[in-house]
Amino acid sequence: MTLKRVLRLSACSATMLAASCALPPNAQPDPLGATVSLTMAQQVINPAAGANPDPVAGIDGKAAKGGYDAYQKSFRAPVPQPNVFTIGVAGNR
């Protein structure tokens, strides 16, 4: 192959590569943020849930408060973690 033919082939290959990345003339890209809006909309199970006058069937108030208080208490005094270097070693802790 001659140098002239190699350069011509390289130029044609570069042109084809650049043209393959272009959008067709009638294709329009999605508006900015459309995918985020679509993802947020897909996460809603029931869009009309606010219009439902029935209360939610579930846990009563006292049990919910007790569960929430236990959850908050777990952060005040966390369970001490054992020392990892004493695994399998008998003796004082």
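What residue, of P47, P29, is touching a helix residue (DSSP H, G or I) at 6+ places or on another chain (Cβ under 9 Å) and exposed (fewer than 10 other Cβ atoms within 10 Å of the Cβ)?
Result of the check over P47, P29: P47.
Within the range 60-93, how many residues turn out to be of a type in the set (A, V, I, L, M) and either modelled with pLDDT of 85 or more or at positive phi (or both)? Explain how you work it out, then say what you get.
In the first step, residues of the range 60-93 are kept if they are of a type in the set (A, V, I, L, M); the result is 63-64, 70, 77, 79, 84, 87, 89-90.
Those left that are additionally either modelled with pLDDT of 85 or more or at positive phi (or both): 63-64, 70.
So the answer is 3.
The values are calculated or read from the model by the stated rules, or taken from the named source; none is laboratory data. Here the structure is a predicted model, which means the values were calculated and not measured. Every residue, glycine among them, receives a Cβ derived from its backbone with ideal geometry; neighbour counts consider all protein chains shown.
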